[in-house]
Amino acid sequence: MTQRRSAVILGAQWGDEGKGKIVDVLSEHFDVVARYAGGHNAGHTVIISGKKFVLQLIPCGVLRPECVGVIGNGVVLDPMAFLSEVRKLREAGLPVNDQLFVSNRAQVILPYHRMIELAAETAPGRMTIGTTRRGIGPAYEDKIHRNGLRVVDLLNPSLLRTHINNACHEKNTIAHALFGTEPLDPKQMYEDYARAAEQLAPFVTDTAALLNGALRDGKRVMFEGAQGALLDIDHGTYPFVTSSSATAGGAVTGTGVGPTRIGTVIGVTKAYVTRVGEGPFPTEINDSSAELLRARGQEYGAVTGRPRRCGWLDLPLLRYSNMINGTEWLVVTKMDVMDECAEIPVCTHYKINGKLTDSVPADIRGFDAIEPVYTTLTGWGSSTEGITAYDELPAAARAYLEFLERESGAKIGMVSTGPDRDQTITMPGFAEVLSA
Ligand code: GDP
Ligand code: IMO
Ligand code: MG
């Protein structure tokens, strides 16, 4: 039973599935919410009685004063972005004082990470990933290269000064040689980050000890994923991915809580699919239906404002995502966005070189060869917005969800029928798990 006291909640596809809303709804049942991967490339939107919050680094749990928020060691932390987010939450009336903790082992994003990423993304002849330009990739590169600065090091002024001097020398030289970039000033950088370190210090602790202690004391812990399974550095549509472990395994390495302590895995999927940035997207829609979904679903990036690419539900990818995450429950968001679709195609299989298959290619050339095979379901043609009871959904909407459940192999735990906290259906079996 103790195992049930924790859950990983993550995006089933390429991010923006509505994790923020669902984490906020579920955090009512949890004492602690911990982010385990990514950084301020994430944009998690929560709407509470019409008031909108977009959280990038801070776990959505902090919107409930009784809930503790943790930024785990797997996150790359931009101190300026973190402090600005704390300031905004305080301006909105949330104290965020004794309820937010940052891992001393998290890696720090510094200005040269952004400089290198921006130069590489825009350099002629280089492959563009369409990143969020927050320095995420270069910060993880330094981590793996064992060249990074961790939060604990940021708090040590002499170590910080030496690190910034050495790193600026190296990064300025590389960026100038490769891209002709103007150098960054290490002196100014040290002053700015030493000041930020002082403001960050009260939040910093050994969060692995904190989380394991909380579980030992019988507290309920939720691990809040960022991005989505198909953006995972190992399992995603490489190289069009982010640089972290966005899948469920990342919750283990990204917080220091062992796998035996993870109770369940909840995948969040939209009733359709979106993607921001470059990369394969087998079910991408190329006609006016995409515009309908984009307009009704307000499919524009929460962080960068970029229009999101829209497509139909892709079951081979969802099954793959469920497999690599061990997903037990699915939450289906944005049902209301499809209210006006007369017909809804769902991709059930792929055809590759004339052969029907369910397997997901490992390389981009494999993705290019995919011909999606669709089953078309009937739309429901009436509003589902704000419905909170499953039985009140139109029959065709229920048929769509039941098809999705049967074909994906995971149980549907919740359905979201609007962006607000209250516009949510919780299925009876899932409600039992939550209250266990
Ligand atoms: P996240 O990154 O997974 O947290 O998702 P984002 O916040 O980036 O994007 C999801 C968007 O959809 C946000 O604007 C949410 O307010 C909105 N949203 C979430 N669930 C629903 C829903 O069921 N219906 C509608 N219409 N919007 C939703
Ligand atoms: P949330 O948590 C959607 C995408 C970027 C780009 C790729 C790499 O809100 O779901 P990066 O800056 O991480 O190096 O960019 O990953 N990406 C996201 N797309 N939602 C996100 O986060 C994303 N975080 C990164 O668009 O294609
Ligand atoms: Mg988002």
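The values are calculated or read from the model by the stated rules, or taken from the named source; none is laboratory data. Remember, predicted model here, so these are calculated numbers, not experimental data. A quick note on method: Cβ atoms are made from the backbone with ideal geometry, for glycine too, and the neighbour counts reach across all protein chains shown.
Taking the stated definitions as given, is Gly50 in the same structural domain as Lys21 (by TED's automatic domain parsing), at pLDDT 95 or above and either away from ligand 1 (no atom under 11 Å from the Cβ) or among the small types (Gly, Ala, Ser) (or both)?
no
Considering region 314-329 alone, what residues qualify as being within 13 Å of Gly267 (Cβ to Cβ) and touching a Phe, Trp or Tyr at 6+ places or on another chain (Cβ under 8 Å)?
Within region 314-329, Trp329 is the sole residue that qualifies.
Being surrounded by fewer than 21 Cβ atoms within 10 Å (Cβ to Cβ), within 16 Å of ligand 3 (Cβ to nearest atom) and either under 25 Å from Ile412 (Cβ atoms) or within 16 Å of the chain's Cα centre (by Cα) (or both) is the filter here, so list the residues in region 26-67 that pass it.
The answer is Gly43, Thr45, Ile47, Phe53, Val54.
Which residue pairs have Cβ atoms closer than 7 Å, lie 6 or more positions apart in sequence or on different chains, and pair a first residue in region 43-71 that is without any contact (Cβ under 8 Å) to a residue 12 or more places away in the chain with a second residue that is within 12 Å of ligand 3 (Cβ to nearest atom) and part of a strand (DSSP E or B)?
Lys52/Thr45
Against the conditions (1) within 16 Å of ligand 3 (Cβ to nearest atom); (2) outside the structural domain of His169 (by TED's automatic domain parsing), where does Thr131 fall short? Just the number, please.
Among (1) within 16 Å of ligand 3 (Cβ to nearest atom); (2) outside the structural domain of His169 (by TED's automatic domain parsing), the lone unmet condition for Thr131 is (2).
Would you pick out the residues in region 293-309 that are within 11 Å of ligand 1 (Cβ to nearest atom) and at pLDDT below 90?
Passing the criteria: Gly301, Ala302, Val303, Thr304.
So for region 245-265 (the condition being within 30 Å of Phe30 (Cβ to Cβ) and within 12 Å of ligand 2 (Cβ to nearest atom)), does at least one residue qualify?
Yes, some residue in region 245-265 is within 30 Å of Phe30 (Cβ to Cβ) and within 12 Å of ligand 2 (Cβ to nearest atom).
Within region 210-218, is even one residue basic (Lys, Arg) and touching a Ser or Thr at 6+ places or on another chain (Cβ under 8 Å)?
no
Just to check your reading of the model, which residue among Ser359, Ser321 is buried (at least 17 other Cβ atoms within 10 Å of the Cβ), of a type in the set (Gly, Ala, Ser) and away from ligand 3 (no atom under 16 Å from the Cβ)?
Ser321
Tell me, which residue of region 204-227 that is outside any strand (DSSP E or B) and touching a helix residue (DSSP H, G or I) at 6+ places or on another chain (Cβ under 8 Å) is surrounded by the fewest Cβ atoms within 10 Å (Cβ to Cβ)?
Checking each candidate, the answer is Gly218.
Yes or no: region 3-23 includes at least one residue that is part of a loop (DSSP other than H, G, I, E, B), away from ligand 1 (no atom under 16 Å from the Cβ), in contact (Cβ under 8 Å) with a residue 60 or more places away in the chain and under 22 Å from Arg220 (Cβ atoms).
So far as region 3-23 goes, no, none of its residues is part of a loop (DSSP other than H, G, I, E, B), away from ligand 1 (no atom under 16 Å from the Cβ), in contact (Cβ under 8 Å) with a residue 60 or more places away in the chain and under 22 Å from Arg220 (Cβ atoms).
Just one of the numbered conditions (1) away from ligand 2 (no atom under 14 Å from the Cβ); (2) in the same structural domain as Asn212 (by TED's automatic domain parsing); (3) surrounded by 24 or more Cβ atoms within 10 Å (Cβ to Cβ); (4) closer than 24 Å to Arg195 by Cα is not true of Leu89; which one?
Single failed check for Leu89: (3).
Within region 228-238, work out how many residues are within 12 Å of ligand 3 (Cβ to nearest atom), of a type in the set (A, V, I, L, M, F, W, C) and in a loop (DSSP other than H, G, I, E, B).
0
Quick check: anything in region 95-113 in a helix (DSSP H, G or I) and not aromatic (Phe, Trp, Tyr)?
yes
Select, from Gly413, Gly379, the only residue that is closer than 28 Å to Phe281 by Cα, in contact with a Cys (Cβ under 6 Å, 6 or more places away or on another chain) and not hydroxyl-bearing (Ser, Thr, Tyr).
Result of the check over Gly413, Gly379: Gly379.
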